[in-house]
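Have a look at the structure below, then the notes.
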Amino acid sequence: MNASINDSPAQNTLYDERETLERLRCFLPCQPPLKDFIHHNPLHGFQGLNFEDGLVRASKIFGYQLYLPLEEYRSLYSSGRISRSALEQVVLEKHPGTRFEDWQDKLFCRQYKTSFHVRIGSLRANWKRFYKVDLDSQTHPALFRILSSYLDQGVATWRFPVDPEGFIGSLRKMEQNGLVSFFRGKRASSLLLNTSCEIKNLLKTIVGRPALYSQYIFDQQFAHPGWSGMASWIENNAGSLLLERKISLQQLIQFELLLEIDALDSHFGHAWLPLGKHVKTVPEDIFAPVEKTELDQVLAIWQNAFEWTYYDRALTKLSRYKDKNGQHDDKSHQSLFCLDDRSGSLRRHLEQADPVCETFGTPGFFGVPCFFQAHPGGSYTKQAPAQSKPTHLIKQVGAAQTRKSSLVLPTGSNSLLRGWMISQTLGFWAAFKLVRNIFRPESWLTTPEPVKEQDNASYLTIENSAAYPPENGLQVGYTVHEMAECVENLLRSIDLTADFARLVYVIGHGASSVNNPHYAAYDCGACSGNPGGINARVFAWMANHQKVRELLYKKGVPIPERTQFVGALHDTTRDDITFYDTQSLSEENGQRHDHNRKAFIAALDLNAKERAGRFASIDPKLTPQRAHQVVRSRSVSLFEPRPELNHATNAVCIVGHRNLSRSFSWDRRLFMNSYNYASDPGGKVLHDILSAATPVCAGINLEYLFSRTDNLRLGAGSKLPHNVIGLLGVANGMEGDLRTGLPTQMTELHDPVRLLMIVEHFPNIVSLVIGKSGRLREWFANQWVHLVVIEPGSRAFLRFKDDGFVAYHPSTYPENVLEP
Amino acid sequence: MTYFITLLLLIPLIGFLTILMSPAQNELMISRLVFTTMALHLFTSLAFTAFRILTGGQPLASDSIVIFSSGSFEYAMDFLVDKITLVFLLTGSVLTFVVTTYSRQYLHREEGYKRFFYTILLFYSGYNISIFSGNFETLFIGWEILGMTSFLLISFYRDRYLPVKNAVKVFSVYRLADVSILLAVWANHHLWGTYITFEKISDYQLVDRQLQTHNLIGIVVSVMIVLAAAAKSAQLPFSSWLPRAMEGPTPSTAIFYGALSAHIGVFLLLRTWPFWQHQAGIRMLIGAIGLSTGIVATGIARVQSSVKSQIAYASISQIGLIFVEIAAGLENLALLHCAGNAFLRATQLLVSPSIVSQRIGEYPRTQKSSSSLDRWIPQRLWTALYMLNLKEWGLDFFMYRYLWSPLKRLGAALGFLTTQRVTLFFVPAYLAGAFLCFNGHYIPLGLRQWLPTAFSFLGLIMAIKSFSERKNVWLSWILIITNHFWVALAVSFNESVPANQLLLYLSGVIFSGATGYWCLSLLRRYERHIGLGQFHGHIRRHERIGIVFFLSCLGLSGFPITPTFIGEDLVFSHIHQNQAFFAVFVSLGCIVNGISLIRIYARIFLGPGMHSQYELTYRSS
């Protein structure tokens, strides 16, 4: 062999399996199965770096496209969506000492080469180069099929013979049957049966040079990031699948290596040399430092200018804020909403429909992190932000089983004889229903949870009692003290500790859509992609509890006896609200509730009308009521891939008083968390708010951002060809990898800008607060989220930059520019 | 009456042409055109059916429309309407109407909105031609259109790897079915010695008389029909193409592979039933294929963890049963079953995204396998059966091993054929052949009868080399053209073929070949890479060249847009009954040629392309 192929001893010890897998896990997509879709930053592995550096690295290593194409920025500029002043400002800020003129040519005219060498995959490309074999096309179909059958959560009628030993263990057991083998040749089979399949040993056969092992594994796994990410997620979140499966990234790699050995054996017999013998030099480490090109700099300038053009207008709006004297003595009601942008627009319409009401925003789990079990013996859903670990379980008892078994996708239709019956009877019936849905959409499929008429008769185990033993390490229900604490914390965080109206609504949100595998992405992000109605209902129940009220009184939050809390669920797709437990309202409150309900209905109509403006297929001249009807029928239409536009265009999060933002329409781009700096001089509450709201909002924002810029790799592509795999994820066609991220239909209208977090407080306190935890600080210090502070009193804007605050003066615009 | 048929055939065709002409950005206009076309068609179909029922519904055949005739050869279009036609017409019309209406909104803002609808309408035109066809030649026209539009819809997402790869795969199976029909036409020609329609073969006396004297050739015809039906309806051993065809948008998948396309094999069997009903062996063959497919496919369906492939295999297993019903002579049941299955599967596919919200709530569920079978079978056998199903009984591997690999290996053995050598060999050899052809007296008598076969074999070699060529697109293209020339030469040896017939055959070849060549040269001017080693995706930048090139590919493969289409038929008509090898070589050449052409088109114009650098690392998207 060629002398240059021998590696030094140092190189030979380079491979550390644990470290490689750990690192791999960092960069693989971290997306849970479809049922609990949680928004997260797809580049979480790069979050330790500054935003721009992270993007450059991610694109050079993994080939992602993380900015818009240069041409698109240029056309945004010519259409006025990027302002000259923002552009100039960004250039001077990023490149002090240069003049704007120096950049003009680069920004506006110069053409750049957009394709470049991507590091991932370069080692394994040698299979094609030297061996003339397309290894992926030989191994992927079998690998995906076996993996998805093992992990399947309920598509197949015959279950995989799962062995408690885990993935490899199950496969080994099956391979032992001796009649049929997973492999074509003998070698891979006997490796599986007779050895422990150490990755190292398998790699020795395939690659043969330890210096290349680590990169080989990266190349191999990033050829199907969807499945690898899923395996890694399941490994890290044991117990979260409905049908438990034991799999690890390691086992996935082991099996894939076996398949590769088998494919090579069947192609070349045993006479093939490991890949390392053909690769002359060790390729550059994929994680070696990357070089920032001029194009990267130009794109970063454009991106920042795009962002600041919008932020600038947003901040100008805030500077025009008029201190409305919103303190009415007799408020009609107070409503607590999720901080979600979609709830935000409803709040605005509600305030318009009923000027004497007051609204608040807070993360939609309403300070009640818990697991929820809808039916006895059923699975748990997590009703809390993704990063939290709830310790309580709420169970629903006595709920009617409303679920009809499906008429259209009956499992029997796979069978020979039942299928024979079904196709000649149900087949015609199905066609009839289909024709009906096309002309008069109405739901005839089982829809996801939130739309089902929530059963008011059911009972939730909210209060812990001796009768409830802990289940799976979770306490069933809350004690009175815990309840009081939950209620107090939430009310303090939004500064609602006095002046209670007679009715306080707690409104979670969820979404109902049919024919939509990504339905969970439409639900509440603060409830891990579940509808937040349960939390609202639980919170209202707690706050109505007599003993809790007594404790709260002692803690200085006196809730008058006449005040009652009402839980509710806002269906963001249909724009309908369901109120819970209204039968327990007092007579007077009942009347007031009837009155308030009218305001809610008017607000919902207006909100639907506002949303309808974005749907091309809806006539903009419709009355709010008609528009609402159209929006509703859209939600049950089988052929509507955009039942709602979700968080598209989200851009700003305000942590402060509602009065700040009340005067303007924000076009559904705003997350709002109620907060009063005056009642929180030390910033303790602010820390809680930011710790909960930042990951949720930034997760949503960055997932939309990168799904928009790189819909091929970080997004899920068009929804239309999606095929549901094992109820875990979607793929294109039968042999594709799982697609992570958001489909085009959700992101196409999104303006990819980072989140601007606006906090109303003194800068020194904010510094202190975000310095408290490294994870929180990372978001702002590395600029994955922009931060601007509004200083109380002076009302000056201060921008967080390089660990300090600098003053920011928004440009002046005429009023009509601000209000669209 | 014929007026009705003409109307039903023309409506989708006119719809196709108007959409083709309308601007791609105007979604509303396209959407309205589609809706009008399909509503009109549905209405006419309903009226037609009602009319047929009221007037007693006797089978009705139109007069032959002779398109080309030369000597004893006659090429004509014929139409036939009976119960079978009506069932397929209604099913197709309702489903296409529903699916296009569904897609008008579903595809909103999708790139290729226009492309989607005109392909669907073209497909539907082909479907109508097939179901109304009154002879094999007409059926073949529709059949070819179905195959081509299938290719276009599977590769609807033409800049992605898997759709394009699978489209080529499916096309090759379809091509096999096409050529089976072509061979059936050839055999028929010798069986009857005259022009024949479906109407005539329903005359039992006539068929019986012919089969008595030509038993063997009767079997050949029937086997070819069964082969074509099995391939198109995804029966064993071809089943694995159907789930892999599900790469396009869900509605197109639903209508093609859930419903109409997959059932067209059933139509072929029902249509030719009078012909083979007295051949017990053939009926047993159909029954056996159907039954084994039914059993195998239902097993595979049960272990599928992806919803679309599950529906695909479930559908295949029902089609298997339909085959059994047809073999048993239960025509009415088969028709009912066929329509029901088409409706059911199309609907299931359309609502398949709902499965997550439906099934996820069906808990609590235990881990037990929901089959009663595993209680009766020993664990070891059960596991083996499960694994066998998981591996799809090796069906996909089977196709790879027995369809692709031999061709590739054979092609590799022909590696010595370079452009230069091909020219050096081809020109003198062909000239010599042509010389001998006109001066027959130089040929030793014993050799003469073998020459056509030998030349057709040379043609086949050219086609195979063209298919397996991995780099040089020019070589591949020229080889395809030479294949046709060899075939023409071979036929001329057989008997004195009138020059006008040869010209008819070669005119399309020369024209399409030259156009394609010109497209490639034009493309070469803009793009550095146009080899066959990988997908290039040039359609993104050079849409027009791509379209013209695609049309030349079609022309060269004998698609009914050039006279070559009729010429192909003509060529076959000159192959004698005792020249089975000759027929086999020519038809194999035809298959390989078609696949090779589509492959060239796919490699150069489709796929992830040169402009995205990620082909290797991210092909699963």
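Laid out as a table, the results:
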read-out: Condition check for B:PHE455: surrounded by 24 or more Cβ atoms within 10 Å (Cβ to Cβ) and in a helix (DSSP H, G or I); value: yes
read-out: Unmet criterion (only one of (1) touching a Leu at 6+ places or on another chain (Cβ under 8 Å); (2) within 11 Å of another protein chain (Cβ to nearest Cβ)) for B:LEU336; value: (1)
read-out: The stretch B:63-75: number of residues that are within 14 Å of B:GLY134 (Cα to Cα) and either in a loop (DSSP other than H, G, I, E, B) or in contact with a helix residue (DSSP H, G or I) (Cβ under 7 Å, 6 or more places away or on another chain) (or both); value: 3
read-out: Filter result (of a type in the set (Phe, Trp, Tyr) and in contact (Cβ under 8 Å) with a residue 60 or more places away in the chain) within the stretch A:134-160; value: A:PHE144, A:TYR150
read-out: Selection count, the stretch A:501-522, where residues are assigned to a loop (DSSP other than H, G, I, E, B), more than 11 Å from chain B (Cβ to nearest Cβ) and farther than 16 Å from A:HIS647 by Cα; value: 2
read-out: Any hit, the stretch A:523-537, residues being among the small types (Gly, Ala, Ser), within 14 Å of chain B (Cβ to nearest Cβ), in contact with a Leu (Cβ under 9 Å, 6 or more places away or on another chain) and outside any loop (DSSP other than H, G, I, E, B); value: no
read-out: Unmet requirement for A:ASN325, which otherwise passes all of (1) more than 30 Å from A:PHE218 (Cα to Cα); (2) modelled with pLDDT of 85 or more; (3) polar (S, T, N, Q); value: (2)
read-out: Hey, A:PHE116 touching a helix residue (DSSP H, G or I) at 6+ places or on another chain (Cβ under 8 Å) and either farther than 30 Å from A:GLY736 by Cβ or without any contact (Cβ under 8 Å) to a residue 40 or more places away in the chain (or both) or not; value: no
read-out: From the options A:VAL506, A:VAL514, residue that is touching a residue at least 60 places away in the same chain (Cβ under 8 Å) and farther than 24 Å from A:HIS333 by Cβ; value: A:VAL514
read-out: Condition met for A:SER189 (crowded, with 19+ Cβ neighbours inside 10 Å, out of contact with any Cys (no Cβ under 8 Å at 6 or more places or on another chain), under 28 Å from B:SER309 (Cβ atoms) and of a type in the set (S, T, N, Q)); value: no
read-out: Residue list for the stretch B:26-83, restricted to those being over 21 Å from B:THR194 (Cβ atoms) and of a type in the set (Val, Ile, Thr); value: B:ILE30, B:VAL34, B:THR36, B:THR37, B:THR44, B:THR49, B:ILE53, B:THR55, B:VAL81
read-out: Residues of the stretch B:227-249 satisfying the condition of being more than 14 Å from the chain's Cα centre (by Cα) and either away from every other protein chain (no Cβ under 14 Å) or not in a helix (DSSP H, G or I) (or both); value: B:GLN235, B:LEU236, B:PRO237, B:SER239, B:SER240, B:MET246, B:GLU247, B:GLY248, B:PRO249
read-out: Count of the stretch B:458-500 residues which are not in a loop (DSSP other than H, G, I, E, B) and not hydrophobic (A, V, I, L, M, F, W, C); value: 11
read-out: Unique residue being within 17 Å of B:ILE11 (Cβ to Cβ) and either assigned by TED's automatic domain parsing to the domain that holds B:HIS263 or under 26 Å from the mean Cα position of the chain (by Cα) (or both) when the list is B:ILE67, B:ILE53, B:ILE145; value: B:ILE145
read-out: Residue in the stretch A:161-183 that is of a type in the set (Lys, Arg), farther than 19 Å from A:GLU735 by Cβ, in contact (Cβ under 8 Å) with a residue 12 or more places away in the chain and surrounded by fewer than 22 Cβ atoms within 10 Å (Cβ to Cβ) present; value: yes
read-out: Options A:LEU768, A:LEU749, A:LEU755, A:LEU742: the member that is in contact (Cβ under 8 Å) with a residue 60 or more places away in the chain, hydrophobic (A, V, I, L, M, F, W, C), closer than 30 Å to A:ARG611 by Cβ and surrounded by fewer than 23 Cβ atoms within 10 Å (Cβ to Cβ); value: A:LEU749
read-out: Output for the stretch A:110-136, where each listed residue is small (Gly, Ala, Ser) and within 8 Å of another protein chain (Cβ to nearest Cβ); value: A:SER115, A:GLY121, A:ALA125
read-out: Matching residues in the stretch A:140-153 - criterion: being touching a strand residue (DSSP E or B) at 6+ places or on another chain (Cβ under 9 Å) and at the interface with chain B (Cβ under 7 Å from one of its Cβ atoms); value: A:ARG145, A:SER148, A:ASP152
read-out: Any chance A:MET746 is touching a His at 6+ places or on another chain (Cβ under 9 Å), more than 14 Å from every other protein chain (Cβ to nearest Cβ) and under 30 Å from A:SER661 (Cβ atoms); value: no
read-out: Test: residue in the stretch B:261-272 that is without any contact (Cβ under 8 Å) to a residue 60 or more places away in the chain and among the charged types (D, E, K, R); value: no
read-out: Matching option when the condition is closer than 24 Å to A:TYR704 by Cβ, within 19 Å of the chain's Cα centre (by Cα) and assigned to a strand (DSSP E or B), among A:LEU749, A:LEU787, A:LEU776, A:LEU756; value: A:LEU756
read-out: Residue among B:SER317, B:SER252 that is farther than 17 Å from A:SER415 by Cβ, within 11 Å of another protein chain (Cβ to nearest Cβ) and in contact (Cβ under 8 Å) with a residue 12 or more places away in the chain; value: B:SER252
read-out: Residue match in the stretch B:395-418 (condition: in a helix (DSSP H, G or I), touching a residue at least 60 places away in the same chain (Cβ under 8 Å) and of a type in the set (Asp, Glu)); value: yes
read-out: Residue match in the stretch A:162-174 (condition: closer than 23 Å to B:GLN358 by Cβ and either facing another protein chain (nearest Cβ under 10 Å) or modelled with pLDDT of 90 or more (or both)); value: yes
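Let's see how each residue does on (1) more than 10 Å from chain B (Cβ to nearest Cβ); (2) not in a helix (DSSP H, G or I):
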site: A:VAL155; (1), (2): no, yes
site: A:VAL180; (1), (2): no, yes
site: A:ARG187; (1), (2): yes, no
site: A:SER190; (1), (2): yes, no
site: A:TRP227; (1), (2): no, no
site: A:SER232; (1), (2): yes, no
site: A:GLU235; (1), (2): yes, no
site: A:LEU243; (1), (2): no, yes
site: A:GLN250; (1), (2): yes, no
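Residue-wise test of (1) away from chain A (no Cβ under 14 Å); (2) modelled with pLDDT of 90 or more; (3) closer than 21 Å to B:SER492 by Cα; (4) outside any loop (DSSP other than H, G, I, E, B).
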| position | (1), (2), (3), (4) |
| --- | --- |
| B:PHE511 | yes, yes, yes, yes |
| B:CYS553 | yes, yes, no, yes |
| B:PHE565 | yes, no, yes, yes |
| B:GLN577 | yes, no, yes, no |
| B:PHE582 | yes, no, yes, yes |
| B:LEU588 | yes, no, yes, yes |
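The values are calculated or read from the model by the stated rules, or taken from the named source; none is laboratory data. None of the values given here were measured: they were computed from a predicted structure. Cβ: placed from backbone, ideal geometry, glycine included. Neighbour counts: every protein chain shown.
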